[in-house]
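The next block holds one structure in the form of structure tokens; read it before the comments.
Just so it is clear, none of the values below were taken in a lab; they were calculated from the coordinates. Keep in mind that what you see is a predicted model, and the values were worked out from it rather than measured. FYI the Cβ positions are ideal-geometry reconstructions off the backbone, even for glycines, and counts take in every protein chain you see.
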Amino acid sequence: MSDNPNLETKLQLGITAAKRGDKEGAQVLLKQVLAEDKKSDRAWLWLAVVAPDKATKKRYLQTALQHNPQNAHARKALRKMSSKRSKREQRTLLAGTVMLLAILVISTLMCLLVLAAQ
């Protein structure tokens, strides 16, 4: 962040707006900060907090880390997003496996019934 006290004030106002749930107000303030200081990892991080969707949130977090690879909050948030995706993928894989097994069992039973009827 530059030494501009007005910019720090805008950042703090944006953070406050985000904390109280005013996503639109936070976005306006944080984007004003980034218009003057594109490297503000704190502004990118808080913009991710109020992002409208997961893809945008991920992009903002990655940008925060590009500007400050030591930003533990951004790193943790990205790791958490990846973990949630992995769990969702595991559930989908499990559901597919169960469905495949059910089809195999039903097919086997039907073959046995046909053979028994002959």
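Points worth noting:
- Residue check, Leu29 at negative phi, in contact (Cβ under 8 Å) with a residue 12 or more places away in the chain and in contact with a Gly (Cβ under 6 Å, 6 or more places away or on another chain): yes
- Residue ID - farthest from Asn71 (Cα to Cα), chosen from residues in the stretch 1-44 that are among the small types (Gly, Ala, Ser) and surrounded by 14 or more Cβ atoms within 10 Å (Cβ to Cβ): Gly25
- Residue within the stretch 80-88 that is surrounded by 13 or more Cβ atoms within 10 Å (Cβ to Cβ) and part of a helix (DSSP H, G or I) present: yes
- Screening Lys39 with (1) outside any helix (DSSP H, G or I); (2) touching a residue at least 12 places away in the same chain (Cβ under 8 Å); (3) out of contact with any His (no Cβ under 6 Å at 6 or more places or on another chain) gives one miss only, at (3).
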